[in-house]
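Read the figures in this text as sums done on the coordinates, not as results from a lab. Note that this is a predicted model, so its numbers are computed, not measured. Positions of Cβ are generated from backbone atoms using ideal geometry, with glycine treated the same way; all protein chains shown enter the neighbour counts.
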Amino acid sequence: MALLRESNAAASEQLMRSWFGLGTEDVAKELGLPISVVNTHLAETLAAKSRATASHGSDDDLQTTVLDLGVRLAAEITSLSGQRYSVDYLRISGETVIPLGVLATEPRPKFPLSEHPFLMEMVATGQPVAGELRNRRLGERARSLAARLGIVAGGGVPVKVKGSVHGILSLSTAGVQPTHALLQHIGVVARIIEIALAHHH
């Protein structure tokens, strides 16, 4: 992964401040990651969208770019845990769950919120949840998706905008469920996403 060129550093710093109200150094400190890692993921995210679109595009374009970066930062944090996690942002739209699929190798279909008790609990309480899927009854589509991806455990942290759950920063794994400490770290990313989304709503 190529780091941001020095000539782009000022523009990137300004962009981070406009998105999150924090500079790249502040974000790196909050996440406990080296600033080079934040810059790397920022560069990758911006490579997916032109600077013109990110700076002057629609609110939807900006929101997608912010969520992409959030997922990449959360994935970086989970990679330090020693356990392999799949990280995604699950947009909650009414009674439907829509995976953003930032890092997915294949498209992930949307499914009814009612099919996933973990997600229902997070939406209802606004609190992080983790556990093994066998301890919860999944609906048909959610169960089929989990089986196809080999997911046996997971967890997530809600992202709230204007008092309601906008989406879930989700971790899923074929191994052990996320620890409380890992969810706390992911919670920092969720709060940063909330700051960014609040600035643009």
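Other residues with beta-carbon under 15 Å from the beta-carbon of residue 176 carry, at +1 per Lys or Arg and -1 per Asp or Glu, a net charge of +1. Would you please classify the overall shape of the range 6-199 from the alpha carbon gyration tensor, given that a ≥ b ≥ c denote the square roots of the eigenvalues, rounded means a/c under 1.5, and beyond that prolate means a/b larger than b/c while oblate covers the rest? Judged from the Cα gyration tensor, the range 6-199 comes out prolate (a/c at least 1.5, a/b above b/c).
Treating only the Cβ atoms of Lys and Arg (+1) and Asp and Glu (-1) as charged, compute the dipole magnitude of the range 6-199 about its Cα centre; round to the nearest 20 debye.
With Lys and Arg at +1 and Asp and Glu at -1, about 580 debye.
Amide H to amide H, with H built 1.01 Å from N, residue 111 comes under 5 Å of 97, counting only residues 5 or more places away or on other chains. In loop segments of the range 148-201 as defined by DSSP, the trypsin sites (Lys or Arg not before Pro) with at most 11 further C-beta atoms inside 10 Å of their C-beta are 162. Neighbours of residue 112, meaning other residues whose beta-carbon lies under 11 angstrom from its beta-carbon, give a summed charge of -1 when Lys and Arg score +1 and Asp and Glu score -1. Considering only Cα atoms, the convex hull volume of the range 133-201 works out to 109 Å³ per residue.
Once you have the Cα-Cα distance between residue 29 and residue 105, take 0.36 nm times their residue separation minus that, and quote the gain in nm to one decimal.
Fully extending the segment from residue 29 to residue 105 adds 24.4 nm.
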